[in-house]
Structures are given as structure tokens and as C-alpha cells.
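The next block holds one structure in the form of C-alpha cells; read it before the comments.
Each value in this text was obtained by applying a stated rule to the coordinates, not by laboratory testing. Here the structure is a predicted model, which means the values were calculated and not measured.
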């Protein structure tokens, strides 16, 4: 989005992702200062600004919109913010490009305040359609062919992330997933719906025979329920919102 009379800024994300992320953010009360990382050309940062948020746009190289405060920041390194400085961090289609996604998740948990939120989107390789492609080719949607090691660049999807891995990354640093969404469900995705009963039964069977502790079993059952949502099973992009809980007095 752009100011009236200006040249529109191109959204570098799957269709509908920006709108879905903004909708999730607007459901949270008391959110004012938001970090958009990686900001790319700044389309989502401008959208946030127009929605009334105090926005900081960040990326590894300068390129954010002039109307929004920009900071150079590397998602593989410590982010240039104090503990609990921000109300929200938004990462649209960026985490799959970095070498240290676990460290980035920890940094997000550090820089958002208690009660603040982290929203992450990434290509949905947990969808039935993507799993079917992987079964036949060994490659998921979002990375359909081998990476070119002779042309290493930041655009490569070097860390494709399944839903259960995303949950683990966020929960282990103290964040808690409160919403799962997607940008859109393409009609072709519904063709894979007949696979669902077999996927569910096989997953239940494996969990029952491989998990020993009650605590782990409870976690696995919750993960299975989340993985059986429409957004995860059929969505093009995986979008999760996680909250940093408020510590009890």
C-alpha cells in the first residue's frame, strides 16, 4: 500500500498474506509499536502506518519506505532493541530464508513486552498438498527443486518450517500460539481432502506407540488438533500468532 498519489509498493508475499496478518494484529488490544522484519520494499510497513501503528521497518539491507523509520537488522543476529521494547513483531515470509530461525524466535520473545505478540508467516509445507508433493519428489511447495549452491543468495528458502516445528520454536522461548490462519485456500487444495482420514489415523497410531509420558502425549494431541485445522491442512501460507504471556504476580 502507498500514500495517495504515490507509486504503489509491491507486496513481496503470497496473495492475501498482508491482509490476513493485519487482521490478526488488529484483534490484539493495546498494540502500538510494531516491528516489521524483514520489511522488503516496505509495503506492509506502510499498511501498518496507515492503520495507525507506530512502525519500525527493518531488513538486512536498506530499502524500507522513506515515510517509515528504518533500521538495518540481521535476523540471524541480535536485534537492535531493548528487552520488552516492542508491542509486536511481524515477520512475513522471512523466517524460511535465515540460517538461525531458532535464535530469531528467541530474539522476538526477548524484544516484545509481556502481553505482546509475534506473528510469523511462511510457506505452508504442512498442507496435504505439500505433503503429497514431498511424497513423490522429496520437495515441498515453496522449495520445489534443489537449491543452487553455486548461486547462494538471501532469496533461497533454506529453512522450510512445518507447523509442529514452528510451534516448538515459539513455545520453547516462552511464547504461546493463540491463532493459526492462512492467506487463502486454493480450489486445487481441496482435491487432497480424501487423504485426511488416513493422515489422522496414521498420526494417532504413531503418537500412541512412540510417546510414553502423559505430558508429552497431551502436547502431541494438541499439536494434532492444530495440524488438522483448515488453515494448516489446506492453506497456501502458514500464519501463526503467538503471545508472550503476562507473568503472574
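The Cα trace of segment 82-123 gives Rg and Dmax of 10.3, 30 Å, the first to one decimal, the second as a whole number. Its Cα gyration tensor gives segment 118-249 an equivalent ellipsoid. The semi-axes, each the square root of 5 times an eigenvalue, are 25, 21, 15 Å from largest down. All alpha carbon pair distances within segment 68-164 were sorted into 10 Å bins beginning at 0; the resulting P(r) in whole percents reads 14, 40, 30, 14, 2. Directionally averaged projected area (segment 5-61, Cα convex hull): 4.3 nm². Using every pair of alpha-carbon atoms in the chain, split the distances into 5 Å bins beginning at 0 and state the percent of pairs per bin, rounded to integers. Final binned percentages: 1, 6, 13, 17, 19, 17, 12, 8, 5, 2, 0, 0, 0.
Given Cα positions, please report Rg to Rh for segment 1-141, the hydrodynamic radius being the Kirkwood one. Each step should come with its number before you reach the end.
Numbers: Rg = 15.7 Å, Rh = 15.8 Å.
Computed over Cα atoms, the ratio is 0.99.
Go ahead and estimate [θ] at 222 nm for the chain from helices alone: -39,500 (n - 2.57) per DSSP H run with n ≥ 4, summed, over the residue count, rounded to 500. It lands at -9500 deg cm²/dmol.
Inter-part distance, segment 123-192 to segment 38-96, computed on C-alpha centroids, equals 22 Å.
Normalised by 2.2 N^0.38 Å, where N counts its residues, the alpha-carbon radius of gyration of segment 42-112 equals 1.07.
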